[in-house]
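Enquirer: One structure is given below, represented as structure tokens, and several questions about it will come after.
The values are calculated or read from the model by the stated rules, or taken from the named source; none is laboratory data. Remember, predicted model here, so these are calculated numbers, not experimental data. A quick note on method: Cβ atoms are made from the backbone with ideal geometry, for glycine too, and the neighbour counts reach across all protein chains shown. Ligands, DNA and RNA are stripped out before the accessible areas are found, and what is left, the full protein with its side chains, is counted by its heavy atoms. Shrake-Rupley method; radii C 1.70, N 1.55, O 1.52, S 1.80 Å.
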Amino acid sequence: MFLKRIEVVNKNDVRHFIVGTPMETVVTDVKIKPDPNKIIKTIELSEELLKIEYGDNEVTWIPINKATELHFKKED
């Protein structure tokens, strides 16, 4: 399922991903200022993974099986 935005709530942090905004990065539970050159292009949700395409053909896979909550908005 393709999404416009998603909020992933874990035990120790909350991460937001929104199509058209810079990629939010978390390193060892510390949020780093988003890179304005790494704009999120697509967000795809499957049963166990969140696939995020951003920047210059970069892809990140985030496991969501340990997330405590997911809040998302589907693409129209």
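Enquirer: Skip the ligands, DNA and RNA, and give the accessible area per residue of the chain with a 1.4 Å probe, whole Å².
Expert: Per-residue accessible area for the chain comes out at 70 Å².
Enquirer: Right, something else. Output the Cα-based Rg and Dmax of the chain in Å, rounding Rg to one decimal and Dmax to a whole number.
Expert: Values for the chain (Cα only, Rg and Dmax): 11.7, 35 Å.
Enquirer: List the longest stretch of the chain that has no exposed loop site; here a site is one of the trypsin sites (Lys or Arg not before Pro) assigned by DSSP to anything other than H, G, I, E or B, with at most 15 other Cβ within 10 Å.
Expert: Looking at the chain, 12-65 is the longest stretch - no exposed trypsin sites (Lys or Arg not before Pro) with at most 15 other Cβ atoms within 10 Å.
Enquirer: Now for a different question. Within the chain, what is the longest stretch that has no GluC sites (Glu not before Pro) placed in a DSSP loop and near at most 16 other beta-carbon atoms within 10 Å?
Expert: 1-46
Enquirer: Also, quick follow-up: Compare N57, N37, N65 in a GNM of the chain, Cα atoms joined below 10 Å, and give the one with the largest fluctuation.
Expert: Maximum among the listed residues: N57.
Enquirer: With a cut-off of 8 Å between alpha carbons and a minimum separation of six or more residues, what is the relative contact order of the chain in percent?
Expert: After rounding, I find 36 percent.
Enquirer: Still on this structure, please answer the following. Lys and Arg at +1, Asp and Glu at -1: add these up for the other residues within a Cβ distance under 12 Å of I39 and post the number.
Expert: Combined, the nearby Lys, Arg, Asp and Glu give -3.
Enquirer: Let me spell out the model: positive unit charges on the Cβ of Lys and Arg, negative unit charges on the Cβ of Asp and Glu, origin at the Cα centre of the chain. What dipole size does that give, in debye rounded to 20?
Expert: 200 debye
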